[in-house]
1. So how far apart, in nm, are the two label points at T106 and H36 if each is 7 Å from Cα heading toward Cβ?
2. Residues of region 212-246 with amide nitrogen under 16 Å from the 7 Å Cα-to-Cβ point of E25?
3. Once a ≥ b ≥ c are taken as the square roots of the eigenvalues of the Cα gyration tensor of region 52-194, is the result rounded (a/c under 1.5), prolate (a/b larger than b/c) or oblate (a/b not larger than b/c)?
4. Could you give the length gained by full extension between S218 and E158, i.e. 0.36 nm per residue of separation minus their alpha carbon distance, to one decimal place?
5. Placing unit charges on C-beta atoms (Lys and Arg positive, Asp and Glu negative, everything else neutral), compute the dipole magnitude of region 196-240 about its Cα centre in debye, rounded to 20.
6. For the chain, what is one quarter of the convex hull surface built on the Cα atoms, given in nm²?
7. Relative to the compact globular guide of 2.2 N^0.38 Å, what is the alpha carbon radius of gyration of region 163-251, as a ratio?
8. Specify which residue in the list F141, A250, L16 is farthest towards the positive end of the charge dipole of the chain, using unit charges on the beta carbon of Lys, Arg (+1) and Asp, Glu (-1), about the Cα centre.
Amino acid sequence: MRKNIVAGNWKMNTTLQEGVALAKEINEALKTTETHCDVIIATPFTHLVSVVNSVEASRIGVGAENCADKAEGAFTGEVSARMVASTGAKYVILGHSERRAYYHETADILKEKVTLALENGLTPIFCVGEVLAEREAEQHFDVVAAQVKDSLFNLTAEDFAKIIIAYEPVWAIGTGKTATADQAQEIHAFIRKTIAEKYGNEIADNTSILYGGSCKPSNAAELFAKPDVDGGLIGGAALKASDFMGIITAF
Ligand code: 13P
């Protein structure tokens, strides 16, 4: 069966020293806490090696927040999937709405990134989600289905089975406005049905689909109680160990 997962996305926050301290604090807290989910932290590139070396791999999986859409070469400033994997990181967030919006990452670019991540043994956490105007126009199902299909449905079943999906409605990210648990369940079930139509029920049932967007200790339990919500991708609340632990223990 699919895994429950709580993943933190630190975004462009923390210095190296602050990030290592935060990772250690979470690692320590996990030693004395009974958990019912996998825990992942995704950090800036600069932090990866140090964070990998500061946590126990059996307690925390470490990931990057992005990788390049090219394998290697003259792409000044880019960081490849192979480089990410060489740090010991196991995951990479791809298709985050901030990357789509501010860095113009298209479905085709994301398709390349997903392929390179998989080729290098990284597990993509692939983000989808509609903006407010799309939700208000009731286009959210179409938008999310297209995001899943256009960047992932070229994959073989074997490769698709390695993907983690994160549904993050853009209007809920960093706004304090969370999707209701019923809204999350409705679209998570729709995403799972979309996957089933292409890859079959077994792969769809085994795909972890996380919710992201103003998820916090006070609302995590209600969201995670929904049958198709398999955990969370956490921004702001992942930057404070006690809040992040409060979400982890919501399972
Ligand atoms: P917030 O939890 O800060 O709303 O961010 C969610 C997010 O974008 C995680 O990737």
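Just so it is clear, none of the values below were taken in a lab; they were calculated from the coordinates. This one's a predicted model, so the numbers in the text were calculated from it and none came from an experiment. A quick note on method: Cβ atoms are made from the backbone with ideal geometry, for glycine too, and the neighbour counts reach across all protein chains shown.
1. Using points 7 Å along Cα→Cβ, the separation is 4.5 nm.
2. 217, 235-246
3. Working: a/c = 1.71, a/b = 1.55, b/c = 1.11.
Since a/c reaches 1.5 and a/b is larger than b/c, the shape of region 52-194 is classed as prolate.
4. Numbers: separation 60, 0.36 × 60 = 21.60 nm, distance 3.68 nm.
The span from S218 to E158 would gain 17.9 nm if fully extended.
5. On the way: 4 positive and 6 negative charges, 70 e Å.
Dipole about the Cα centre, nearest 20: 340 debye.
6. Working: hull surface 49.2 nm².
Averaging across all directions leaves 12.3 nm² for the Cα convex hull.
7. Working: Rg = 12.9 Å, N = 89, 2.2 N^0.38 = 12.1 Å.
In units of the 2.2 N^0.38 Å rule of thumb, it is 1.07.
8. L16
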